[in-house]
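**Student:** Provided herewith is a single structure, encoded as structure tokens, for subsequent inquiry.
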Amino acid sequence: MKNLILIIGGIILLFNILLNFIISAYHPFNVFLGCFSIIITSLLLYFLQRIQLRDGFYISLSCLFTLMGLITFFLSIISPERIENNWSLIGIILILTIEIIIMLMTNFISKKIK
């Protein structure tokens with residue numbers, strides 16, 4: 001399952017890059033943000049498989065991280081092509097930070113429960 005997550009992430013990443021060549025309105029800045037979002041979401045799901053969590057945490061976090069990955073990808077598509085005053089970029093960073101904090105907290109709680 002761990003390798004499957006990385007393979008699917010790689011396929012989606014390749015699809016995102018190919019969209020850059022097909023759609024002229026898909027700017028390189030948005031492609032970069034989309035690739036960043038796909039890579040981080042894939043890595044979070046991969047590390048979720050690697051750490052020992054309770055089943056309830058694992059199932060709910062898998063669904064949550066996948067949903068948040070879709071939201072960050074959508075934000076990367078609609079993001080303006082600048083870094084300054086970019087609320088979509090701030091949203092992406094905020095979502096990724098929350099996901100990492102949730103993963104660390106559930107890992108800590110799962111170790112305390114055992």
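**Student:** Please compute the modelled spin-label separation between Arg54 and Lys2, points set 7 Å along Cα→Cβ, answer in nm with one decimal.
**Tutor:** So the two model labels end up 2.4 nm from each other.
**Student:** Follow-up question, since we're still on this one. Would you calculate the separation in nanometres between label points at Glu84 and Leu67, each defined as 7 Å from the Cα along the Cα-to-beta-carbon direction?
**Tutor:** The two pseudo-label positions are separated by 3.7 nm.
**Student:** Cut-off 10 angstrom, C-alpha nodes, Gaussian network model of the chain. Which of Thr97, Thr72, Thr41 fluctuates the most?
**Tutor:** Thr97
**Student:** Accessible area of the chain with a 1.4 Å probe: how many percent of it is carbon plus sulfur?
**Tutor:** Numbers: 5620 of 7400 Å².
Solvent-exposed carbon and sulfur of the chain make up 76 percent of the total.
**Student:** Right, another one. Compute the projected area of the convex hull of the Cα atoms of the chain, averaged over all viewing directions, and report it in nm² to one decimal place.
**Tutor:** Numbers: hull surface 28.5 nm².
Computing the convex hull of the Cα atoms and averaging its projections yields 7.1 nm².
**Student:** Rounded to the nearest whole Å², what accessible area per residue is found for the chain with the 1.4 Å probe? All intermediate terms of the calculation are to be shown ahead of the outcome.
**Tutor:** Details: 7400 Å² over 114 residues.
Result: 65 Å² of accessible area for each residue.
**Student:** Using a Förster radius of 25 Å, what is the FRET efficiency between His27 and Ile101 based on their Cβ-Cβ separation? Nearest 0.05, please. The partial results should precede the final answer.
**Tutor:** Details: r = 31 Å, r/R0 = 1.23.
Efficiency, rounded to the nearest 0.05: 0.25.
**Student:** I need the calculated FRET efficiency for the pair Leu19 and Ser110, taking r as the beta carbon distance and R₀ as 30 Å, to the nearest 0.05. Don't jump to the answer; show the numbers that get you there.
**Tutor:** On the way: r = 38 Å, r/R0 = 1.26.
For R0 = 30 Å, the calculated efficiency reads 0.20.
The values are calculated or read from the model by the stated rules, or taken from the named source; none is laboratory data. All values derive from a computational prediction rather than experimental measurement. Every residue, glycine as well, gets a Cβ built from its backbone with ideal geometry; the counts of neighbours run over all protein chains shown. Remember, those area values only see protein heavy atoms, side chains included, never the ligands or the DNA or RNA. Shrake-Rupley method; radii C 1.70, N 1.55, O 1.52, S 1.80 Å.
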